[in-house]
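Enquirer: Starting off with a structure, shown below.
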Number of protein chains: 2
Amino acid sequence: MNKIFRINMSNLTTKCESVPEEWAGLGGRGLTSTIVAAEVPPRCHPLGPNNKLVFAPGLLTGTPAAQSGRLSAGAKSPLTGTIKESNAGGTAAQQLARMGIKAIIIEGAPTEDKWYRLHITMDGITFEAADSLVGKQNFAIIDEMIDTFGPKIGVLSIGVPGEMRMCAANISVKDPDQKIRSHGRGGLGAVMGSKKIKCITIDDTGASKVPIADPDKFRAAAKIFAKSLLDHPVSGEGLPTYGTNILINILNEAGGLPTKNFRYGQCEHHEKISGETMHDTIVERGGKHKHGCHAGCIIQCSQVYVDRAGGYITSGFEYETIWGLGANAMIEDLDDIAKCDNLMDDIGIDSIEGAVLLATAMEAGVIPWGDGKECQRVLRDEIGKGTPLGRILGNGTGMVGTAYGLVRVPVVKNQGIPAYDPRSVKGIGITYATSTMGADHTAGYTIATNILKVGGYVDPLTKDGQVELSRNLQIATAAVDSTGMCVFIAFPALDIPESFTALIDLLNATYGLDLTADDVTELGKKILKIEHDFNTAAGFSKQDDRLPEFFSYEPIPPHNAVWDFTDEEIDEFWDF
Amino acid sequence: MNKIFRINMSNLTTKCESVPEEWAGLGGRGLTSTIVAAEVPPRCHPLGPNNKLVFAPGLLTGTPAAQSGRLSAGAKSPLTGTIKESNAGGTAAQQLARMGIKAIIIEGAPTEDKWYRLHITMDGITFEAADSLVGKQNFAIIDEMIDTFGPKIGVLSIGVPGEMRMCAANISVKDPDQKIRSHGRGGLGAVMGSKKIKCITIDDTGASKVPIADPDKFRAAAKIFAKSLLDHPVSGEGLPTYGTNILINILNEAGGLPTKNFRYGQCEHHEKISGETMHDTIVERGGKHKHGCHAGCIIQCSQVYVDRAGGYITSGFEYETIWGLGANAMIEDLDDIAKCDNLMDDIGIDSIEGAVLLATAMEAGVIPWGDGKECQRVLRDEIGKGTPLGRILGNGTGMVGTAYGLVRVPVVKNQGIPAYDPRSVKGIGITYATSTMGADHTAGYTIATNILKVGGYVDPLTKDGQVELSRNLQIATAAVDSTGMCVFIAFPALDIPESFTALIDLLNATYGLDLTADDVTELGKKILKIEHDFNTAAGFSKQDDRLPEFFSYEPIPPHNAVWDFTDEEIDEFWDF
């Protein structure tokens, strides 16, 4: 990976640059965040010409290492106003890596009202007219690209909410089954829309393998790494069998499953929406309960959820989406939830933000509690078409809260809080509060240690140790996000010493380096600090590292816990 | 004024407290800001139970001093997230002052969905059921209160947008002609709505005169003060003749009249909407071109604008509103603008935010440029009824910008920028950037010196001296806002030495004090710092003291000026 493409949408030029020395050791989030911090004015308007949208495969992406096929996207977020990194599976990351492309930097903005498709081949990047795609949603775009270029074409696209620059808009990535994975959080689809890029197609004909400096060492490490993934009970058994939705019953049991817009920590109908029920339903209907989001995935936490006739409804059907619609918005029918998930893929909005904002719309009285059919209509006909109501909803939970004058609005830095209640799982509350990305469970997934007892155990209901736990995990995650690895490699990495060693060996074997565990930690710290400095320059202060006020005075059953960290305790997070 | 009423909406109790020593020398903005800063948690949700809504007459309110009848309202603003003070004319301030009420602090929030009218008499404050008023707009409420209590009743009320807790909602105050003055900016109507108070009625039967410690000294000072108001060309001649709308032609000439959502600094149809045209139209139709917003006003900058048949359309028809609809939203017909102004009074939204957001909606393509009829429909049937489009618009310019993915969104701290372009009148840009209230021209009205050459002259197009000018004016204004005086007393105070001395003498004569000019300056500084500290604790940083990015790269004709202050230059503002 020795090329960086710079795409200027103001004058429709492209430039292929060699990789500067200081970016050579970076990939994925480490690279996208570094580029955004170096080149985007922190106070710029996220939808203006001075924001940049950066894509980068991870350091190991394109190699045969398991779980390494994720693509990082970065920009200043229109949803949060912070720096934002969002990574996704699909085919694009591995295609770009094999084409030797380390990063794509999209800058400027067209002044004319014309839309473009960027077409990436081994010959470079061209601007193709895409006005005929305007108004189309993602599945139609992918189908049309497959019809035009064949099934191997890589596709990144935005739906109508992205065109309309809504803050919940995501960027869709075609996966190996011609379905959709997403750069979900932070409204990066709106940034792509502001650049007037409806679609990016990747034809990797002529691309070669990613070079590996020490193939023998690589093979040995890859084997140990893969074995550790299969050996660990979470990545080797729980996730492949039940998907991430295994968490519904676990969080319900822990009293940390936010229900009815964060009113309760347990949901009466949890069995109807659980991973176990989902698994049995898929098996009974002839869907797939094991499925990967990219070539080389051996965890296979995804699935293909089908209807009674065996017809496709959705895939990549995640716990956070099912929680958001099932428990938090009180929808009891898993088929309705699956249809909403499919619609969110199609129109192209983040399915976490989408789920949280629908529950907030229920809080506002705009949608009846638990009405899955109305949620589908709203997604398709309001958000998907950009009606006034769709504009309110499609701009995220925070806007729904403001538009309807609500007080119980679960956001941090304007991003919807995901599927784990911070009062009853306090470590994740520290992550929500301090993450450079706004409320984001993946930034430092303390659920591992608070609930799943991976990497030790920190009692979720007491404050002790939570800041340190979140800090360590956020540092580690920033580093992992730079490798192109999926975040679930953390389960074996935290419990099986050889797993983490093998990950470092994979990096060393690929690049001929001698990195140590400390180097990886330092990389994680450096990335967090770069991101934090960007946010400070953008206007964020310690006072923004706070949870919504209602968590402090509204106890959540069954533990009747409140959010009780002092400001000083939270602010210790940044002491590193 | 020796009583403070504390109204607890959580348990529907009232408490009458004596004035604490440290608040004794405060009134108006000085008092409301001090109370909000002392009692409201800076990070609280503005619509939650921990925000407080505080009303306070000024230090001189209720005395016979000219221009002293303004009421201050304060709270944490749902629009900006900052501390907010907004003052208004009308009858309430003088009634409260004569009743000996120094402040009313409304705290808590009802848990039940029931609405209240607070009824204030010399016997205390009672909670009256107001569910029958729900859904009514301000003129209907005022009429009903007059029918019930007679024409002397004081009324503060909110329309439907206030009930619905929209961020542009204001608080209406009945004026001596049974029409409306407004606590306009910052969405304080939404705070009143969150407390479920639809209306406050004031029956001052039995109230006595405000005591004056040294009546002879007071009379002498009052005479000098009044004479200075009449002697100064702006307050004695310009404003009484043409109203504030005299500024259309002046700002157009200066190239600082933002036109078509801040694209141009001059407006081709300026003559159609100018103060001169308005004056002639009013005279020709038999309206009133001189009119005061409260008893004791001798500037009389208000007017009664009537239709061809002589029927009332609107009053308190201000330059900023006429600019916003006429130049910035390109409406050419002054009657349409007047009808919009009336509608904004009726539904109860800030007519500056309302005008700015309508132009932003035009930028978004939601309303055709210059379509005054459609603006009336949108105000009445969308914002006034809380439709989804109405929710977007009624929550202010910033929400319109986000909902429609716009980049050219003229807000500072999410408050719409008023009628003076910061690129071509640079002093006011410093005020917009640094004001503790978000974009607010009244916070430090540099137009006086930049354009009207009052208090000297600072060239509006160069950076030199603007920070100092804005600082001095913001300090002085914070002090003036504490007296209950209208901000236009600044014109003689800046140019006629005896005027400012007389103001201090009025304070000393009323309270038996020996304040000096330095004391007044210190008071202003202290108020600004209290407000700034609140904002810092709420999460605002220096980086929030910035104008929208587009002002820095979009030159405004005819001077082709851009906003070119460095961050360091702006931040010098707080060096005092």
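The values are calculated or read from the model by the stated rules, or taken from the named source; none is laboratory data. Just so it is clear, the model here is predicted, and its values are computed rather than measured. Note that each Cβ is placed from the backbone with ideal geometry, even for glycine, and that neighbours are counted across all protein chains shown.
Enquirer: Report yes if A:Ser194 is away from chain B (no Cβ under 14 Å), modelled with pLDDT of 95 or more and surrounded by 24 or more Cβ atoms within 10 Å (Cβ to Cβ), otherwise no.
Expert: No.
Enquirer: Residues of region A:127-182 being in a strand (DSSP E or B) and charged (D, E, K, R), which ones?
Expert: A:Glu128, A:Lys174, A:Arg181
Enquirer: Quick one: is B:Asp341 farther than 26 Å from A:Gly365 by Cα, surrounded by 24 or more Cβ atoms within 10 Å (Cβ to Cβ) and either away from chain A (no Cβ under 13 Å) or under 22 Å from the mean Cα position of the chain (by Cα) (or both)?
Expert: yes
Enquirer: Something else: Take region A:553-574 and flag every residue that is acidic (Asp, Glu) and either free of Cβ contacts under 8 Å to residues at least 12 places away in the same chain or in contact with a Leu (Cβ under 9 Å, 6 or more places away or on another chain) (or both).
Expert: A:Glu568
Enquirer: Given the conditions (1) in contact with a Ser or Thr (Cβ under 6 Å, 6 or more places away or on another chain); (2) among the polar types (S, T, N, Q); (3) within 14 Å of chain B (Cβ to nearest Cβ), and given that A:Ser499 satisfies all but one, which numbered condition is not satisfied?
Expert: The single condition A:Ser499 does not satisfy is (3).
Enquirer: Could you tell me whether region B:559-566 includes any residue that is in a helix (DSSP H, G or I), within 22 Å of B:His441 (Cβ to Cβ) and not assigned by the TED database to the domain that holds B:Ile299?
Expert: no
Enquirer: Among the residues of region B:484-502 satisfying the criterion of being aromatic (Phe, Trp, Tyr) and within 22 Å of the chain's Cα centre (by Cα), which is surrounded by the most Cβ atoms within 10 Å (Cβ to Cβ)?
Expert: B:Phe491
Enquirer: Of the conditions (1) touching a Lys or Arg at 6+ places or on another chain (Cβ under 9 Å); (2) farther than 29 Å from B:Cys301 by Cα; (3) not hydroxyl-bearing (Ser, Thr, Tyr), B:Gly62 fails just one. Which one is it?
Expert: Here B:Gly62 clears every test but (2).
Enquirer: Say whether the condition of being within 14 Å of chain B (Cβ to nearest Cβ) and within 28 Å of B:Val366 (Cα to Cα) is met by at least one residue in region A:99-109.
Expert: The answer is yes; a qualifying residue exists.
Enquirer: Let me ask you something else. Taking the options A:Asp505, A:Asp567, A:Asp545, name whichever one is surrounded by fewer than 16 Cβ atoms within 10 Å (Cβ to Cβ) and among the acidic types (Asp, Glu).
Expert: Selected residue: A:Asp567, the only one of A:Asp505, A:Asp567, A:Asp545 that is surrounded by fewer than 16 Cβ atoms within 10 Å (Cβ to Cβ) and among the acidic types (Asp, Glu).
Enquirer: Among residues belonging to region B:368-389 that are free of Cβ contacts under 8 Å to residues at least 24 places away in the same chain and within 12 Å of chain A (Cβ to nearest Cβ), point out the one that is nearest to B:Gly256 (Cα to Cα).
Expert: In this case the residue turns out to be B:Val378.
Enquirer: Quick one: which of B:Leu506, B:Leu515 is away from chain A (no Cβ under 14 Å) and outside any helix (DSSP H, G or I)?
Expert: B:Leu515
Enquirer: Any residue in region A:10-24 that is assigned to a loop (DSSP other than H, G, I, E, B), within 14 Å of chain B (Cβ to nearest Cβ), of a type in the set (A, V, I, L, M, F, W, C) and touching a strand residue (DSSP E or B) at 6+ places or on another chain (Cβ under 9 Å)?
Expert: No: region A:10-24 contains no residue that is assigned to a loop (DSSP other than H, G, I, E, B), within 14 Å of chain B (Cβ to nearest Cβ), of a type in the set (A, V, I, L, M, F, W, C) and touching a strand residue (DSSP E or B) at 6+ places or on another chain (Cβ under 9 Å).
Enquirer: Then there's this: Consider region B:116-126. How many of its residues are part of a strand (DSSP E or B) and either more than 15 Å from B:Gly206 (Cα to Cα) or not hydrophobic (A, V, I, L, M, F, W, C) (or both)?
Expert: Result for region B:116-126: 7.
Enquirer: Which of the following residues is farther than 17 Å from B:Ile527 by Cα and in contact (Cβ under 8 Å) with a residue 24 or more places away in the chain: B:Gly455, B:Gly484?
Expert: The match here is B:Gly455.
Enquirer: Which of the residues belonging to region A:527-552 are more than 14 Å from every other protein chain (Cβ to nearest Cβ) and in contact (Cβ under 8 Å) with a residue 60 or more places away in the chain?
Expert: Once the filter is applied, which keeps residues that are more than 14 Å from every other protein chain (Cβ to nearest Cβ) and in contact (Cβ under 8 Å) with a residue 60 or more places away in the chain, region A:527-552 yields A:Ile527, A:Leu528, A:Ile530, A:Glu531.
Enquirer: Under the condition of being polar (S, T, N, Q) and over 19 Å from B:Val173 (Cβ atoms), which residue from region B:36-62 is surrounded by the most Cβ atoms within 10 Å (Cβ to Cβ)?
Expert: The residue in question is B:Asn51.
Enquirer: Ok, one more. Of the residues that sit in region A:35-65 and are under 30 Å from A:Met164 (Cβ atoms) and β-branched (Val, Ile, Thr), which one is nearest to the other protein chains (Cβ to nearest Cβ)?
Expert: Only one residue tops the list, namely A:Val40.
Enquirer: Determine whether A:Thr521 is crowded, with 22+ Cβ neighbours inside 10 Å, in a helix (DSSP H, G or I), touching a helix residue (DSSP H, G or I) at 6+ places or on another chain (Cβ under 8 Å) and away from every other protein chain (no Cβ under 14 Å).
Expert: No: the conditions fail for A:Thr521.
Enquirer: So, one more: Is there any pair linking a residue in region A:85-103 that is of a type in the set (Asp, Glu) to one that is not in a helix (DSSP H, G or I), with Cβ under 6 Å and at least six apart or on different chains, and which?
Expert: Going by the 6 Å Cβ cut-off, the qualifying pairs are A:Glu85/A:Ser72; A:Glu85/A:Gly74.
Enquirer: If you don't mind, another one. Mind listing whichever residues of region B:70-115 are of a type outside the set (Ser, Thr, Tyr), over 28 Å from B:Val356 (Cα atoms) and assigned to a loop (DSSP other than H, G, I, E, B)?
Expert: B:Met99, B:Gly100, B:Gly108, B:Ala109, B:Pro110, B:Glu112, B:Asp113, B:Lys114, B:Trp115
Enquirer: Would you mention how many residues in region A:390-403 are more than 7 Å from chain B (Cβ to nearest Cβ), under 16 Å from A:Gln415 (Cβ atoms) and in a helix (DSSP H, G or I)?
Expert: 6
Enquirer: Another question about this same structure. A:Asn87: farther than 30 Å from A:Gly236 by Cβ and in contact with an Asp or Glu (Cβ under 9 Å, 6 or more places away or on another chain), yes or no?
Expert: No; evaluated as a whole, the condition is false for this residue.
Enquirer: Further, regarding this structure: Is it true that some residue in region B:489-503 is modelled with pLDDT of 95 or more and outside any helix (DSSP H, G or I)?
Expert: yes
Table: residues versus (1) β-branched (Val, Ile, Thr); (2) closer than 16 Å to B:Tyr432 by Cβ.
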{"residue": "B:Ala509", "(1), (2)": "no, no"}
{"residue": "B:Val520", "(1), (2)": "yes, no"}
{"residue": "B:Lys525", "(1), (2)": "no, no"}
{"residue": "B:Gly539", "(1), (2)": "no, no"}
{"residue": "B:Pro557", "(1), (2)": "no, no"}
{"residue": "B:Val562", "(1), (2)": "yes, yes"}
{"residue": "B:Glu569", "(1), (2)": "no, yes"}
{"residue": "B:Trp574", "(1), (2)": "no, yes"}
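Enquirer: Quick check on my filter: what residues within region A:315-357 are touching an Asp or Glu at 6+ places or on another chain (Cβ under 7 Å) and basic (Lys, Arg)?
Expert: Selection gives nothing.
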